[in-house]
Every structure is written in C-alpha cells, then in structure tokens.
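Written below as structure tokens is the structure these notes are about.
The values are calculated or read from the model by the stated rules, or taken from the named source; none is laboratory data. Because the structure is a prediction, the values reported are computed rather than measured. Glycine also receives a Cβ, built like all others from the backbone with ideal geometry; neighbour counts cover every protein chain displayed. Surface areas here come from the heavy atoms of the whole protein model, side chains and all, with no ligands, DNA or RNA. Shrake-Rupley method; radii C 1.70, N 1.55, O 1.52, S 1.80 Å.
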Amino acid sequence: MKNNILIVDDVHPIFMEQAEAKGYTCDYRPTIKTEEAIQIIGDYAGLVIRSKFQVDKKVLDAATNLRFVCRAGAGMDNIDEAYAAQKGITLINAPEGNSDAVGEHAIGLLLSLMNNFNRGDAEIRHGKWEREGNRGYELKGKTVGIIGYGHMGHSFARKLSGFQVDVIAFDKYKTGFSDRYAREVSMEQIVKLSDVVSVHVPLTNETNGLIDDEYLFHFKKPIFFINTSRGKTAKVSAVLKAIKEGKILGAGLDVLEVEKFPTLAEQAWYEELRQSGKVILSPHVAGWTFDSYRKISEVMAEKLVSLVHG
C-alpha cells in the first residue's frame, strides 16, 4: 500500500513506466466512476487525476492513506487544496508540461483574430471574395498585456519575442519578474497601454469574474482579448458587451464560464456568442496537444522523485 497509485483518468503510458521504475505500483482505472473510486481510495498512497475527477472533502475523507495527488495539467481548481493541506497531502501539478502548448495556442488565436482567418475562409467557401472587409492588423509595434506571469504567461511572452512587440505583464503574487520577454507593470498600466490582453491566471476566489463590465470599462484603447486560462475568469456577457461597444476588437476564447453541451447551449449569452463574427472559440484544448499529453506525464513522474517513499 505504501507506494501504490490509483490513476482515475487518461494519462500517457510514460507516467506508469517512469513511476514504476521509481518503485511505485500503478493501478490504471481511467473509466472508474467517482463513487467506485471513493470505495477503494483508502487503499492507495497516491491519486492521479486530470479534469473530470473532483477531489473534494468526501474523496479526501475516504482517502485515509493518501499522501499525494497528481494533477495531469496546470490548474488545481478541481482539488480542495486547503483541505488537502490540512490532511498533509502533497499536491503535484505539471504546468511545465503544457505551457508551450498554451503559449502557441494563444498566439494562434491572436493571429487568427487580427487577420480575420475564420471569416475570410468562411466567405470564400460561400462564394464571396472580400478583401477590404478582411484587412487585418499587424502585431509589430503593438503592446501586449499579460495578466499572470507563471509558466503559461511566460510561455506566451516567449512566443511573442519574434514579433517586435512591447510585452508588459502584471502578476499580483510576484514582484521583480521582468525578464528578456516581458516587463513588469501595474494593472493600471495594463489597462492604459495594452492593444492586446491575454489572461494566464489560475481560477481562485480573486480571479473568478475578474474580467467583467467594470474591468473592461477602464481600458483606454480597443483591445484584442485572449483567454486560455479558466472560463470563469472572464464574464462572457461582459466580453460580448465590450465587443458591441467597440472596446474589444476580437476575442479568442479557449475557455468559457460554462463548457460542454447541452448546458452551454442553455446559457443566455450562448446564441450571441455563436453568432458573433468577432469571437474565435476552441473547446478548452489550448494545453492539450499530442506533445503535451506525453510531457505532462513525464513532468509528473519526475516530481514523484521529490516524495519520500513511505
């Protein structure tokens, strides 16, 4: 029991290979239901999850021998972190494994918005050849504001380094982080200077609803807006309102307040979002590439080394 791990979601086989080489025993059950997992979790020292599994108080109370939880990804919002800390359970995530994927995806959304790729493509497919209506913007010379300068924000800044832009970044929980890719600024300067705003923060009580009507009201210039973090950090209704008012020129949203159908289609703002030609949507896949699938598992397995075997 001391070094056995229950894996309740799909992870790359390299995790099992490397974990077992380090002396762990892996029980791979990616289709297991939550209630079934609760019945057996007391027999395991480790738990590996991705997105579908909620590690809440009920799970943690049943996990009487649990020493660590690995999240195959960056965000930890499906784990009750405070309660896990009370129980002395170590939490491991792997933002190093999918930061390149997120950075590249954000670049893709931004370039698509600024150059009307989706609209131009759709028009040509429907027999319309419209050049003037699809004239785009260049990134060069623009100021890109990054909110949150952890692994994801830094990756986005690094990807921007060849575009000859001025990259500024705000992070409430860091100071002195200016580097060759971004310059640390206040939130006031983000609002005043940015032509592009990209959000790279975890979902917390403080970031829930961060991008709302009040926040967007204060921007001095029309912006392109990118969100590849968590859907609840940005109010969709506020983004749509800012688009109508000309404050947002285009929005690239990999994440939404409500995700997956049919619930998404039931939202009051969904039809307007669907109809908007100034929004590009992707289904929460910014950090989920064929490459990151493996890299995330490699990072998690490597971090197991830091745990003292019981």
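Being assigned to a helix (DSSP H, G or I) and open to solvent by less than 50 Å² (accessible area, probe 1.4 Å) is the filter here; which residues of the range 266-290 pass it? Answer for the range 266-290, where residues must be assigned to a helix (DSSP H, G or I) and open to solvent by less than 50 Å² (accessible area, probe 1.4 Å): Y270, L273. For the range 72-91, filtering for residues that are of a type in the set (S, T, Y) and either open to solvent by 60 Å² or more (accessible area, probe 1.4 Å) or not in a helix (DSSP H, G or I) (or both) leaves 1.
The single condition among (1) assigned to a helix (DSSP H, G or I); (2) closer than 18 Å to N98 by Cα; (3) in contact with a helix residue (DSSP H, G or I) (Cβ under 6 Å, 6 or more places away or on another chain) that Y293 does not satisfy is (3). Pairs linking a residue in the range 12-26 that is among the β-branched types (V, I, T) to a residue that is at pLDDT below 95 and assigned to a loop (DSSP other than H, G, I, E, B), with Cβ atoms under 9 Å and 6 or more positions apart or on different chains, are T25/N3. Selection over the range 180-204 of residues that are within 23 Å of A74 (Cβ to Cβ) and outside any loop (DSSP other than H, G, I, E, B) gives a count of 7.
Filtered by the rule that a residue be part of a loop (DSSP other than H, G, I, E, B) and either free of Cβ contacts under 8 Å to residues at least 24 places away in the same chain or among the aromatic types (F, W, Y) (or both), the range 205-260 gives N205, F219, E245, K260.
Where helices (runs of 4 or more DSSP H) fall wholly inside the range 1-71, the ranges with 1 or more residues that are open to solvent by less than 50 Å² (accessible area, probe 1.4 Å) and more than 20 Å from V305 (Cβ to Cβ) are 34-40, 57-62.
Comparison of N118, N134 shows that the only residue that is open to solvent by 80 Å² or more (accessible area, probe 1.4 Å), over 15 Å from V199 (Cβ atoms) and not basic (K, R) is N118. Does the range 92-108 contain at least one residue that is more than 15 Å from the chain's Cα centre (by Cα), buried (at least 17 other Cβ atoms within 10 Å of the Cβ) and not in a helix (DSSP H, G or I)? Taking every residue of the range 92-108 in turn, at least one turns out to be more than 15 Å from the chain's Cα centre (by Cα), buried (at least 17 other Cβ atoms within 10 Å of the Cβ) and not in a helix (DSSP H, G or I).
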